[in-house]
Ligand SMILES: Nc1ncnc2c1ncn2[C@@H]1O[C@H](COP(=O)(O)OP(=O)(O)OP(=O)(O)O)[C@@H](O)[C@H]1O
Ligand SMILES: [Mg+2]
């Protein structure tokens, strides 16, 4: 079985081909640069670009795998959550192609896609396990009871982890998107330079909250001269990042312990973070659990992860109809 994945939930445009053993045959991703000058994603700009890019990316995807649409058995497309205009580009493209070429279609939750990026590279990763999805718009801690069977343990009450990175980066004049820049600077910084608060949500030990951390960076810098932030960028980034890492790790370790799990998988754009990967690798070694993370290009949005979720669901006999629709707020559970 060959599955074509289609992903257009935010500002990426991606198509991928994978086989039923989850081997990636091609996975081109086009990332838009137009949003940098606005300091954030402009939805209308994103979807207009995707309308222009979806066909060339699809053609590149087939070409680099040396395949034609005749080789494809089914199409897996992100149907939510995400920006509605962007989602509609992918869903309508996939539906049109499925209808014209007579292929099966299956709508995929983008967050299940992120989670499934781990299955592409770690065939030994099988449920049950704990999953932490940390991306630009979401922060979720999930008990994966079985393939496609999730129990939501906690999510963010305000900003997502990636959003916190992007907001602090903007505050420090590092541009958008800022996660990767904060990561780079933090590598040379002292994580104990300043102790930023680690938020706890009352009566909800698995909930996350990052907006207070962002505010505390604002308050910390407010009374200091501008040159202070400029001269201590790496230390401030490292200290901010350490607070994020601590908050994520505390919830994950609690879940591993409470649910007696010995496997933790992380996914999403923020899973690309050097310190998060390093910290969990160390803790896993010490505490005796297995830690899984996707390679860098599978952390941020891509269609291979959507196709992976598609293969898993199609093998269970699932499929969508051509009445499939996009849903901006689609929940994972
Ligand atoms: N090395 C890194 N360290 C920290 N954050 C990072 C790193 N690389 C990317 N990010 C962050 O990851 C986010 C983008 O991830 P992703 O593409 O998964 O998000 P999204 O698709 O926009 O959101 P969602 O998946 O919730 O819809 C951005 O917030 C970006 O700053
Ligand atoms: Mg994403």
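Any read-out appearing in this document is the output of simple, stated calculations on the displayed coordinates, not a laboratory observation. The structure presented is a predicted model; accordingly, all values stated were derived computationally and were not measured. Heads up, the Cβs are rebuilt from the backbone with ideal geometry, glycines too, and the neighbour counts pull from every protein chain shown.
Observations on the model:
- Relative contact order [Cα under 8 Å, 6+ residues apart], the range 127-298, whole percent: 27
- The chain - Rg and Dmax from Cα coordinates, angstrom: 20.0, 64
- Within a Gaussian network of the chain (alpha carbon springs, distance under 10 Å), most fluctuating of 263, 277, 316: 316
- Extension gain (nm, one decimal) between residue 170 and residue 333, 0.36 nm per residue minus Cα-Cα: 55.5 nm
- Tilt relative to the chain, helix 43-65 - C-alpha long axis, 0 to 90 degrees, to 10: 60
- Scoring 129-137, 145-153 by mean Cβ neighbours within 10 Å over their residues and listing the highest first yields 129-137, 145-153.
- Here the range 127-298 is treated as an ellipsoid with the same Cα gyration tensor; its semi-axes, largest first and in whole Å, are 28, 16, 14.
- Using C-alpha pairs below 8 Å separated by at least 6 residues, the relative contact order for the chain is 25 percent.
- Relative contact order, percent, the range 33-184 [alpha-carbon distance under 8 Å, six or more residues apart]: 17
- Potential lengthening of the chain between residue 122 and residue 231 amounts to 35.1 nm, from the contour at 0.36 nm per residue minus the alpha-carbon distance.
- Its DSSP H runs of at least 4 residues, each contributing -39,500 (n - 2.57), put the calculated 222 nm mean residue ellipticity of the chain at -14000 deg cm²/dmol, to the nearest 500.
- Most mobile of 34, 250, 258 in a GNM of the chain (Cα contacts under 10 Å): 258
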